[in-house]
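Structure first, then comments.
The values are calculated or read from the model by the stated rules, or taken from the named source; none is laboratory data. Predicted model only: the values in this text are computed from it and were never measured. Because the Cβ atoms are built from the backbone with ideal geometry, glycine has one as well, and the counts that use them run over all protein chains shown. Just so you know, the surface numbers come from the protein's heavy atoms only, side chains and all, with ligands and any DNA or RNA stripped out. Shrake-Rupley method; radii C 1.70, N 1.55, O 1.52, S 1.80 Å.
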Amino acid sequence: MSAQVMEQATTGPLVRARGVRKSYGGTEVLKGIDLDVHPGDVTCILGPSGSGKSTFLRCINHLESIDGGWIEANGELVGYRRKDARIHELRPREAARQREDIGMVFQRFNLFPHLTVLQNVCHAPVLVRKESRAAARAHARELLERVGLGDKEDRYPAQLSGGQQQRVAIARALAMRPPLMLFDEPTSALDPELVGEVLDAMKSLARDGMTMIVVTHEMGFAREVATSVVFMDDGTVVETGSAAQVIGAPQHERTRAFLSKVL
Ligand code: ADP
Ligand code: MG
């Protein structure tokens, strides 16, 4: 973590989004999103399909550019830099460097099929961060232990269950030592009996103080670990609060209608 990030981590939000807008063609799918995420927060984003949750996460790590507003992550403006009192879009290499500090776990695990579990986890630290193989391997083993896969390092992804593959994907993201982790419905592609082991790995990460933004339909997870819950609908934040507030006592009809379908 850079000194600048450390400073930010102890003084203010790790993520600030203000008035974030995004359109595809003529259709606006994010209509002015505001969000603050502080160090150690676990922010769960709920909302119906098509409400803009994935798009918003992708904007946070600049996999999508935004059309209005701004986002700061880890103390830096996402996708842009201020220079000579002007705002310049980052070049692809600079954006890639910025993205290294944001771990992302998707619904689909996207592991490298031709690499072993250990090689999958070591890949980016060695290639991108130029860590020594020995150091990367030691860290990877620690992370695999942590997600309960210490005995699977020589397996290939195809030899693992979906839940195990998703836990490898989590370890792989953690290998870059990101101060912030984004999860986009990490359990929704899994058979029901495999969901628990992935949620358990995420809960342990949360307990260790990792800052996380989690798009999920797992209300039990949100109730147990979310420090704040955001309900999105139709490209807007409809309501924000503690899990007890948003899930337990929703103020808006749209939130109630959504919860009645998923609870
Ligand atoms: P959610 O994750 O909440 O289900 P998304 O962020 O995936 O919602 O999508 C929000 C809206 O944006 C949807 O109407 C979707 O069809 C549209 N959308 C998402 N990605 C694209 C894209 N690359 N091109 C065009 N439309 C898109
Ligand atoms: Mg989505």
Seminar exercise, completed: Within the set P157, P250, P192, GNM on the chain using Cα springs under 10 Å gives the largest fluctuation to P192
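Using packing as a proxy for protection, rank 76-84, 139-147 so that the peptide with the highest average count of other Cβ atoms within 10 Å comes first.
Working: 76-84: 15.4, 139-147: 19.6.
Answer by packing, highest mean first, reads 139-147, 76-84.
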For this session: State the extension gain, in nm to one decimal, for the chain segment bounded by R177 and E145, taking 0.36 nm per residue of separation less the distance between their alpha-carbons.
Result: 9.9 nm
For this session: Taking all pairs of distinct Cα atoms, average 1/r, flip it, and tell me the Kirkwood hydrodynamic radius of segment 170-213 in Å to one decimal place.
Result: 11.1
Seminar exercise, completed: Taking only the alpha carbons of segment 39-180, the radius of gyration and the largest Cα-Cα distance, Dmax, both in angstrom, are 16.9, 53
Problem set entry | Per residue accessible area of the chain, 1.4 Å probe, in Å² | 47
Seminar exercise, completed: Partner lysines whose C-alpha sits under 28 Å from that of K53, ignoring same-chain residues fewer than 8 away, are K22, K31, K203, K261
Problem set entry | Carbon + sulfur, % of accessible area of segment 30-176 - ligands and nucleic acids excluded, 1.4 Å | 47
Seminar exercise, completed: Quick calc: nm separation of the 7 Å Cα→Cβ label points for H88 and R18 -> 2.3
Problem set entry | Helix-only CD estimate at 222 nm, as mean residue ellipticity for the chain, using -39500 (n - 2.57) per DSSP H run (n ≥ 4) | -11000 deg cm²/dmol
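Highest first, please rank the peptides 60-73, 13-26 by the mean number of other Cβ atoms sitting within 10 Å of their residues. Don't skip to the answer; put the middle values down first.
Values: 60-73: 19.1, 13-26: 16.6.
Taking the mean over residues of other Cβ atoms within 10 Å, the ranking is 60-73, 13-26.
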Seminar exercise, completed: Any residue on another chain or 5+ positions along whose placed amide H is under 5 Å from the amide H of L160 is listed here as none
Problem set entry | Pairwise centroid distance, computed over Cα atoms, of segment 43-111 with segment 202-241, Å | 18
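Using square roots of five times the C-alpha gyration tensor eigenvalues, list the equivalent-ellipsoid semi-axes of the chain in whole Å, biggest first. Could you put the intermediate results ahead of the total?
Working: eigenvalues 164, 120, 53 Å².
In descending order, the three semi-axes are 29, 25, 16 Å.
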Problem set entry | Hull volume in cubic angstrom per residue (convex hull over the Cα atoms of segment 57-97) | 79
For this session: Please name which of Q98, S188, T116 has its Cα lying farthest along the dipole of segment 73-203 towards the positive end, using unit charges on Cβ (Lys, Arg +1; Asp, Glu -1) and the Cα centre as origin.
Result: Q98
